[in-house]
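The values are calculated or read from the model by the stated rules, or taken from the named source; none is laboratory data. Small disclaimer: the values here were computed from a predicted structure and weren't measured. Cβ coordinates were reconstructed from backbone atoms using ideal geometry, including for glycine residues, and neighbour counts include every protein chain displayed. We work out accessible area using only protein heavy atoms, side chains counted, and drop any ligands, DNA or RNA first. Shrake-Rupley method; radii C 1.70, N 1.55, O 1.52, S 1.80 Å.
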Amino acid sequence: SILDHATHQERKKKGITALCWNSSGTILASGCLDGTVRLWSNTGDLKFVLNQHTQDVYAVQFSPDGNYLLTGSADEKVILWNVKKGEIKQIFQYHHSRILDVDW
């Protein structure tokens, strides 16, 4: 499948910076330069657009059970998302520089 993040004119603003599959291989998370994270099914269907970050997203990582997603951004936030609902569970704002990686 082709995961179409944007129209041709918008692609420069929506470059993909991070990718991660959940442990069962059913959901792909993609982090973008526009501050969004998108969750895709393994058949290429867009499930959620997570748009709480205000700057480039550099890190996406599923929890071992696949129920949660951590995202890290140049906006100095780490966000914990509920994958099934596409909703924020918690925001961590303790860093004073961009977040380049996250892990469980």
What does the accessible area per residue of the chain come to in Å², with a 1.4 Å probe and no ligands, DNA or RNA counted?
59
Calculated FRET efficiency, His96 and Leu33, Cβ-Cβ r, R0 35 Å, to nearest 0.05?
0.95
Leu33: accessible area at probe 1.4 Å, nearest 10 Å²?
70
Within the chain, how many Lys pairs that are eight or more residues apart, or on different chains, come under 25 Å at the alpha-carbon?
15
In terms of modelled amide H atoms, which long-range or inter-chain residues lie less than 5 Å from the amide H of Ser63?
Tyr68, Leu69, Leu70
The simple spin-label model distance between Thr54 and Ser41, using points 7 Å out along Cα→Cβ, in nm, is 3.5
For region 37-54, in residue order, the Karplus 3J(HN,Hα) values (coefficients 6.51, -1.76, 1.60; θ = phi - 60°; whole Hz; Gly and Pro = x) are 10, 10, 10, 10, 6, 6, 9, x, 7, 6, 8, 8, 10, 9, 10, 8, 6, 9
Net charge of Cβ neighbours under 14 Å - reference Val83; Lys, Arg +1; Asp, Glu -1:
+3
Projected onto the charge dipole of the chain (unit charges on the beta-carbon of Lys, Arg, Asp and Glu, signs +1, +1, -1, -1), the Cα from Ala18, Ser73, Leu50 with the largest positive-side position is that of Leu50
Report the net charge of residues surrounding Tyr68, where surrounding means a beta-carbon distance below 12 angstrom and charges are Lys +1, Arg +1, Asp -1, Glu -1.
+1
Per residue of region 57-70, what does 6.51 cos²θ - 1.76 cosθ + 1.60 with θ = phi - 60° give for ³J(HN,Hα)? Whole Hz please, x for Gly and Pro, Karplus curve as stated.
9, 10, 9, 9, 8, 6, 5, x, 8, x, 7, 10, 9, 9
Report the Cα-based extents of region 14-104 along its three principal axes, largest first, to the nearest Å.
37, 26, 19
Net charge, Arg98 excluded, C-beta distance under 14 Å - Lys, Arg +1, Asp, Glu -1
-3
